[in-house]
Amino acid sequence: MMKHLIYLGLGSNLGNRRENLAHALQMLKPEVKLIQVSPIYETTPWGYLNQPTFLNCAAEAKTDLSPLKLLNKLKWIEKELGRHATFLNGPRIIDIDILLYNQRVMTSDKITIPHPRMLERAFVIVPLADIAGEVHHPVTGKSINDTLEGMDISGVTQYDKKEEI
């Protein structure tokens with residue numbers, strides 16, 4: 001039985017966005033066991049606006065990987081699916097972020113958990129609330145649902161039903 005409960009955020013705005021998300025989710029196995037995946041949302045770009053819209057979702061999963069080994073696995077998946085380094089908040093085939101790892105708080109030069117900007121981003125919080133609304137952020141103590149209240153979600157539209165896993 002895998003012991004660490006994790007939440008991931010996934011996004012894509014190049015190529016077949018829906019297929020990119022599905023491939024990334026499949027490539028998590030066997031080290032990461034998916035529990036549930038949120039509906040997919042179409043979202044306006046954040047940061048750098050002159051780019052195609054994104055498809056985003058969130059996933060709840062279990063793993064035995066340490067945070068750094070999980071990060072390495074996610075970076076490997078991104079590279080395998082064709083992600084190339086561009087610029088901050090630029091377009092990408094796939095982006096996979098560790099949002100939460102148990103209730104762990106950690107900061108190093110390689111990784112920060114929970115994800116440092118997740119609470120500012122409706123494209124993260126809206127899908128995460130679908131699968132983890134009652135989960136509390138380990139730093140703020142607020143539930144994901146409480147974080148969603150009052151957040152501007154105007155650029156987030158449901159695109160697809162829950163992902164079958």
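Below is a table of values for the structure above.
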| item | result |
| --- | --- |
| Any hit, the stretch 150-157, residues being within 13 Å of the chain's Cα centre (by Cα), more than 19 Å from residue 26 (Cβ to Cβ), without any contact (Cβ under 8 Å) to a residue 60 or more places away in the chain and surrounded by 12 or more Cβ atoms within 10 Å (Cβ to Cβ) | no |
| Residue in the stretch 143-163 that is at pLDDT below 95 and within 20 Å of residue 5 (Cα to Cα) present | yes |
| Every pair of residues 6+ apart whose Cβ atoms lie under 8 Å, when the first sits in the stretch 53-74 and is in a strand (DSSP E or B) while the second is of a type in the set (Lys, Arg) and surrounded by fewer than 17 Cβ atoms within 10 Å (Cβ to Cβ) | 55/18; 61/33; 62/3; 62/33; 63/33 |
| Residue count, the stretch 19-42 (criterion: in contact (Cβ under 8 Å) with a residue 24 or more places away in the chain, of a type in the set (D, E, K, R) and within 12 Å of residue 62 (Cβ to Cβ)) | 2 |
| Residues (in contact with a Pro (Cβ under 9 Å, 6 or more places away or on another chain), buried (at least 21 other Cβ atoms within 10 Å of the Cβ) and of a type outside the set (Val, Ile, Thr)) located in the stretch 18-41 | 38, 41 |
| Looking only at the stretch 67-94, and only at residues there that are closer than 30 Å to residue 141 by Cα and at pLDDT below 95, the one that is surrounded by the fewest Cβ atoms within 10 Å (Cβ to Cβ) | 88 |
| Search result, residues across the stretch 95-129 that are over 11 Å from the mean Cα position of the chain (by Cα), buried (at least 16 other Cβ atoms within 10 Å of the Cβ) and closer than 15 Å to residue 34 by Cα | 101 |
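The values are calculated or read from the model by the stated rules, or taken from the named source; none is laboratory data. These numbers come from a predicted model, not from an experiment. Cβ: placed from backbone, ideal geometry, glycine included. Neighbour counts: every protein chain shown.
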